[in-house]
Amino acid sequence: MTPLPRQLDGISKSVGMSTLALHAGELHQKPGDSITDPIFCASTYTFSNTQAVIDYIQQGQEREEYGRYGNPGERVVERKLAQLEGGEDCLLFASGMAAIVGVLMTHLNSGDEVIFFDECYHRSREFCSKHLARFGVTTRQVKACDYDAMERAINPRTKMLVSESPTNPHLSIVDLPRFVELGSKHHVMTLIDATLATPFNLRPIEAGVDFVLHSATKYLAGHNDLLAGALIGKKELLDPVRNLRGIMGSINSPHNAYLLQRGLKTFELRMQRHNANGIGIAQFLEAHPRVEKVYYPGLPSHSYFEVAQRTMSGYGGLITFLIKDADWRATADIVDAVKIPRIGPSLGGVESLIEQPMVMSYFEAAPEDRLKWGISDNMIRLACGIENTDDLIEDLRQALDSTVRR
Ligand SMILES: *Cc1c(COP(=O)(O)O)cnc(C)c1O
């Protein structure tokens, strides 16, 4: 698919990402002559008379009807995200998970199969194995970025290939041209969860992917203050998902849509700092004697460095690293000694967050499952915010130097 030009109404030249993030999808002159969009706190929208209702139904007029189907502010954000991603259409959801559930429920039927790369968000995996299975959909998992294994798993029932890129927490990078080629060769839809990359660092639609999915909770909103999900793709593939969203009620609220729109205004500036913090801190960690290994796609030591160089324009703020000769408690001591990043799940916000995946997401999991998913006891995941790089480095240095092995 040829990428859509990054254009704004009335400007013939293609514009940059910040200009787009600020203005795309918005009216030039808004209600009340306000520079910001209004938040319509409405569950329902009224009609002036009976004929107006009939006209709306018969002519398919574009207007609001009931809050579960759409609201004006949410549509502004959908237009903006579609343009930022270079896709035809966008659907906003109450959360990233609501977006995943929505697209899979819409496009998979009983008897169908979906293939996942195995490094994936644990709730996506849980939805497929526990819930889609109840409706007769089979999920096959193959090793992340093993395209031959993925091709071997494809059969006439296969409907969709799904992966994150980068994956979480190992930051493996999908070779998008190879992934897309598998889909088109076997006539199977492709979906990339590009939450960790964002359209600033990765362009899946331009590579030919059918669906791009985001937990907009993360970098797109960027302020650790809301949950949202987004699905971008061709209108004909999104229309049935929009219909199911209207039934499931998984649309976002007008207030959240506004906060997301506001967060997006600084999208490019934030991503520049997230990328700078990511590479700067990854380099610092790699050189520190207490660090055994750093997973960061911008480091030449990373297994997917070459793919990342070829497919991405920056590597984001998420860094995963292992502590040398440390059990889970010694690793936790380091997490506890860090002063600026707060301990918590999530990523992509302006405030840095740190966590030990073994404790935060897999504490109750069986040790053999943790091993299978590559979650080691000495693993730390740092989601760099937009604090100054030197401050974060100094903080990590004191945490690594002040704690002891045990
Ligand atoms: C957080 C996350 C999700 C889930 O999104 P929510 O907004 O929390 O529902 C899905 N995929 C990835 C890669 C994520 O990081």
Of the residues ARG79, ARG68, ARG75, which single one is away from the ligand (no atom under 16 Å from the Cβ), touching a helix residue (DSSP H, G or I) at 6+ places or on another chain (Cβ under 8 Å) and of a type in the set (Lys, Arg)? ARG68
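Please find, among LEU108, LEU92, the residue that is touching a strand residue (DSSP E or B) at 6+ places or on another chain (Cβ under 7 Å) and within 16 Å of the ligand (Cβ to nearest atom).
LEU92
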Hey, VAL142 hits all of (1) touching a residue at least 24 places away in the same chain (Cβ under 8 Å); (2) within 16 Å of the ligand (Cβ to nearest atom); (3) under 27 Å from TYR362 (Cα atoms) but one; which does it fall short on? (2)
All but one of (1) more than 19 Å from TYR121 (Cβ to Cβ); (2) touching a residue at least 60 places away in the same chain (Cβ under 8 Å) hold for SER361; state the number of the condition that does not hold. (1)
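Take the residues in segment 114-135 that are part of a helix (DSSP H, G or I) and within 12 Å of the ligand (Cβ to nearest atom); name whichever of them is surrounded by the fewest Cβ atoms within 10 Å (Cβ to Cβ).
Only one residue tops the list, namely GLU126.
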Residues in segment 162-177: is at least one within 16 Å of the ligand (Cβ to nearest atom), in contact with a helix residue (DSSP H, G or I) (Cβ under 6 Å, 6 or more places away or on another chain) and either under 27 Å from PRO345 (Cα atoms) or among the β-branched types (Val, Ile, Thr) (or both)? yes
Testing MET271 on (1) surrounded by fewer than 17 Cβ atoms within 10 Å (Cβ to Cβ); (2) within 16 Å of the ligand (Cβ to nearest atom); (3) not in a loop (DSSP other than H, G, I, E, B), one condition comes back false. Which one is that? (1)
Out of (1) more than 15 Å from the ligand (Cβ to nearest atom); (2) farther than 30 Å from GLY73 by Cα; (3) under 23 Å from the mean Cα position of the chain (by Cα), the one ALA153 does not meet is (3)
So for segment 316-325 (the condition being among the hydrophobic types (A, V, I, L, M, F, W, C), at pLDDT 95 or above, surrounded by 16 or more Cβ atoms within 10 Å (Cβ to Cβ) and more than 21 Å from LEU196 (Cβ to Cβ)), does at least one residue qualify? yes
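The values are calculated or read from the model by the stated rules, or taken from the named source; none is laboratory data. Just so we're clear, the structure is a prediction, and the values are computed from it rather than from any experiment. Quick reminder, even Gly has a Cβ in these numbers, built from the backbone with ideal geometry, and neighbours come from all protein chains shown.
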